[in-house]
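Coordinate-derived values only; no laboratory data. It should be emphasised that the depicted structure is a prediction, and the values quoted were computed from it without experimental measurement. Because the Cβ atoms are built from the backbone with ideal geometry, glycine has one as well, and the counts that use them run over all protein chains shown.
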């Protein structure tokens, strides 16, 4: 089985980290290919970045279909381009925010999200609401770190994340915590150990969900809202992206 | 006051129609500039088209800020790029789906949406849920027409739309109807008359909402989720889109 | 266009203030008539006051229809008599709580309400729930001021309101604030400036929404729950209010 | 124990019927006084009628407090004046719509409401939503009968109500049915028998709920939203209604 | 009328206390029989205890039907076995959590629950959500007391409960408080007095609700989800529990 | 990895079928042990059966912990005993209703459930609501077949299931369908093929979800509502089930 793990931003150190996290949990026989789009933002911190990152994600899924991938993980905690990518893909496409939330639903009674900048709070709230997780979400906590701070050697990012996760458990009554950024995908074991409660990395969770769906023979449903894009003309810089029959 | 009405697709006959609808309701002193993006799909019928159209919308808002526009209407009933556009704009940005739903909330007890292809149903449901309109939405009806069918001279599009609107009123107990496509913006008066109940065109509604917000001195809130995009590097085809300070 | 702005209480200094706020934002060509009912409470602080104020509002709409008004604003943040008034009116009727909430939905990701006495909290919660705004409402804050304290010359009302609005932004993560009383309609610009974020006065917002709906040719829907009251006999003190055909 | 059962309309034949229904279920030792207000509509069919009826209800509760009543039932299926009445009353106040819905929640998995004119649908939907009953309400069915049709000797009202109740059970999968009008309070046993499933009359249910609350020593909570109305001046025709300390 | 009040745990001192609370509010002519199951946990503090207690409850309802009981109260604040018991019973079955929540809905604008160990929080949240009470629940507060601490002579349980109830009123803006454990059924009057606001014991409330429903002739609906269990074979230790025709 | 798949009823032909379905999708290296409890109902068709089945499930999880299982699937579409089982288990426990719903959320925009007897409708609605899936559930369809009809050689069960699934797709606009009974676990491929859309068997989905969680090192969260049962005395027939330290 071949799974493409798409880091929607273009910071390759993060892509490498995400690829490692994905390979660490992948089953024997699963080939993980971790990529960044050829274009787009170096980090995703808001709706604007998200919109451009979505195109990069879509482009990777488009190519992935030709390359024979069985499924996709979108490795940014805003799930950019998720629904559009599903229109393209025969196999499953899973975003890491939804992966983490669904996993949390199966092992705990209430989760908190620990993310980076507070400006992403609204986007996270939109996802919690859209995914039907309002009654399971104890809190969204932010750390005042930029996404790329997580890439800095020697930063105190780990300690900051652990501290917020601990508060989520102790003050907000969460019993598990979601690591709210693809750049935290190397922290799952460390944080879990430190806080004595499950910390869920969506990249890892996403890989296992996609593996599972593919093994079940379940691809994206093609009779309704995720039907293949209709063939039509695209113009300008996007001329090459017009769907064909 | 200058309002940019952005038809997110690249079909100029529709842009012209939308511009006319906008100008027909604009206040004296409001300048309406109706545009299509320089790139993107000729029509928007699903999440894939929507993702590309979002970039076109964002691009028009980016340019619009330099051109001195006071506010924006996104004239596709999926509200593509809405949240991202708000990060860019100092003034208000309103999508025609939300415009129509908010207007309907002020004049009726329950609305139906009459749209084009059934493949858009899921997207419309997402918007209804996200906007908190679930308890006001009586039904979503589709017509099995493609968006561009509405541009065909001599098609029976009008009759089909009227017929579904009538069913929404009679069978689904709606007391007003939303015209669920920018390409229906010329049908508001006709449909209202035929069905004896308000039919709401989101383009027209969006123009009046933006005019109102601008007159109130209300722009997009800049302290939270709609703060300006952070300056950062964008690469590849999107290199020119990286936000600057 | 003629808009009747109804201050549902009988305190004429507040009516004058509300009228000024309305006129300050009204379009050229819009005539604002600000009135108080001939009967009812001097201020509205709870469900009991609200019930009596509703009759006053209805009476003013009833007369307004004869006087040729095109639309109405109900200028109390509990929206008294809103649904009943809509049965009477051919044109639109907008309450200032809903006006402020809808406006906030178009410019921010989450709002707080800053109101007067804490006893109104339950009523405000009912409205937030009824209007589908639960997921957008960050908090309801009260100030321990009576409504009429806002009319006292030399009171510290302004400072108190500003302080709570600031807390809403900083502690509750709202990105815009609703002024939760018609008597705060003179504070919009001042509060916005002080807190560096949009403060929304429902009177001003209501005027622009009504103007917009009228310009669109949209009146209250008459096929469902807002159909004209059925002709019937009313008795006793209300004998004169029985609807006629 | 003395319970005042207030028929919010002024049709005395209905008041008598409601009184009979109340007395038929009242405990030994409970005195039922069934009244109509001195003023207001002969029937309540919409928001406008409801607003005037609310004042009548309030007036009866105001007098009731002086007369030593222990609790109140508001015997119209729109629960007019409910929250305002609670501010006045030391004891409990229960509306028949909420009474019926709460009773249904305790005996079935999903209810339907069978009411009179379709114009009341929106009002009923508001109540279902406000009371948190959305997930229990299978349908709202209307009969195209006016409220006063139920008072006509020899009408086919009974048969019509039974027929809609039967459809609610068979087509809408309800397992119990709410009689959606105070004027149906004599039909509870008949309908239950005919449809082979519980039919709930809110008048009867309301009496038992009030009796129960009074027996528990539970009156209306007075520390929050139902605190006594603040003393203040009322003017005009309502001068006599200003709350006193 | 005979009502069986089932303490789902096997601690007889608690059963006695619950029986006393029930008898203290029962109407003349109501016979209260308070029982514990013949098997099961000494206290219920989590989902595991709840599952076993459910069987005990069911067994008591099964016997109760043969013994001629008219209705049942399940006297544990997790409502164990509620839906299953309803399949067995011809009359009504009410759990004390739902009884307290429904009663609170009729007298206040928002309630808090004060319970025992924090591990029950998730279960209580499930019930609040399932019963449609999310928008009425101000907070769930726990006391770090085990259920059986409430049975200790000379413990400070009363003081602890009062203190949390007070905080619920003052900090969380509740206007009434639910005593979140059957073992608190002797505290209703004391707590109410101390906090100056209604404290609701579900046992007492449950008795009055069952009495009321029985008096109305309302038993459990038998056409849908609460139809009698289908006759079938049960094996092993449960062989005796297989439903018969 | 060892996964225990618990068929909560005692019909061994169904257990065998469920075991086969589980093994068919299990990864190399996953050992599937399919069991039925030693006690309980031969089929689960309502809340009463569900309560007894829960004990059987719990008992199998209790033994499973001693036997060294890594995770559990509860193979009845009512998820009996799910929360209680989670208190016992260190590893993950997944019910097939939740498994199917979560899987559906990842591949489609809206699902329908096709189940057996209509009496289970209320239970299914409870689960949909509890799991936050209300806005994704297009319909619940039932087939008027008893669970054990699915075990009959030569019955038309397959055809009936296919027919209802087809209606769900065509009439209710679902884009995927959940097979709403463990006894349908052999129909996944057949139904998918017939209806041209994904049919999801919860047994298969549950196995892959548990495998995934175990591979991620994610067990049930133990700091909150799923903490181990507190040590305490159980009496009577359940004496052996009292939790120990």
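Take every pair of alpha-carbon atoms less than 8 Å apart whose residues are at least six positions apart; their mean separation over the length of the range A:97-202 yields a relative contact order of 34 percent.
Distances over 51 Å make up what percent of all Cα-Cα pairs in the protein assembly as shown?
The calculated P(r) of the protein assembly as shown puts 28 percent of pairs beyond 51 Å.
Chain B holds its axis-closest Cβ, relative to the rotation onto F, at the residue and whole-Å distance B:134, 5. Placing a label point 7 Å from Cα along the Cα-to-Cβ direction at residue A:90 gives distances to the equivalent points in the other copies of 4.3, 5.2, 6.2, 6.2, 7.8 nm, listed shortest first. Label points for residue A:156 are taken 7 Å from Cα along Cα→Cβ. From this copy to the others they lie 3.7, 3.7, 7.2, 7.3, 8.2 nm apart, shortest first.
If you average the sequence gap of Cα pairs under 8 Å that are 6 or more apart and divide by the length of chain C, what percent do you get for the contact order?
Reported relative contact order: 22 percent.
By the gyration tensor of its Cα atoms, with a ≥ b ≥ c the square roots of the eigenvalues, what is the shape of the range B:73-130: rounded for a/c under 1.5, prolate for a/b over b/c, or oblate? Oblate shape, in that a/c is at least 1.5 and b/c is the bigger or equal ratio. With viscosity 0.692 mPa s and temperature 37 °C, the Kirkwood radius over alpha carbon pairs of the range C:25-160 converts through Stokes-Einstein to a diffusion coefficient of 203 µm²/s.
For the range E:33-66, the residues whose backbone nitrogen is under 14 Å from a point 7 Å from the Cα of residue E:155, taken along Cα to Cβ, are E:42-45. Put a dot 7 Å past the Cα of residue E:130, heading toward its Cβ, do the same for residue E:66, and the two dots end up 2.8 nm apart.
Set the Förster distance to 35 Å, then compute FRET efficiency between residue A:23 and residue F:144 from the Cβ-Cβ distance, nearest 0.05.
Once rounded, the FRET efficiency stands at 0.10.
Compared with the dominant Cα axis of chain A, that is its longest principal axis, helix A:96-107 is turned about 50°. Among DSSP bridges having both ends in the protein assembly as shown, what percentage is antiparallel? Round to the nearest 5. Among the beta bridges of the protein assembly as shown, antiparallel pairing accounts for roughly 10 percent. Between the helical axis of B:12-25 and the longest alpha-carbon principal axis of chain B there is an angle of about 80 degrees.
Rounded to the nearest 5, the antiparallel percentage of DSSP beta bridges internal to chain D is 0%. Approximating the spin labels as points 7 Å out from Cα along Cα→Cβ, the residue C:163-to-residue D:193 distance works out to 6.8 nm. For residue C:236, the point set 7 Å out from Cα toward Cβ sits 1.9, 5.6, 6.7, 6.7, 7.4 nm from its twins in the other copies, listed from shortest up. When only Cα pairs below 8 angstrom with a gap of at least 6 residues are kept, the range A:1-119 shows a relative contact order of 26 percent.
The largest-to-smallest principal axis extents of the Cα set in the range C:97-201 are 37, 28, 23 Å. P(r) tail for chain C, what percent of Cα pairs lie past 23 Å? Within chain C, distances greater than 23 Å cover 46 percent of Cα pairs. Rounded to the nearest 500, the 222 nm mean residue ellipticity of chain A from helices alone is -13000 deg cm²/dmol, with -39,500 (n - 2.57) taken per DSSP H run of at least 4 residues. The overall shape of the range F:21-67, judged from the alpha-carbon gyration tensor, is oblate: a/c is not under 1.5, and a/b is no greater than b/c. Between the Cα long axis of helix B:47-67 and the first principal axis of chain B there is an angle of about 50°, rounded to the nearest 10.
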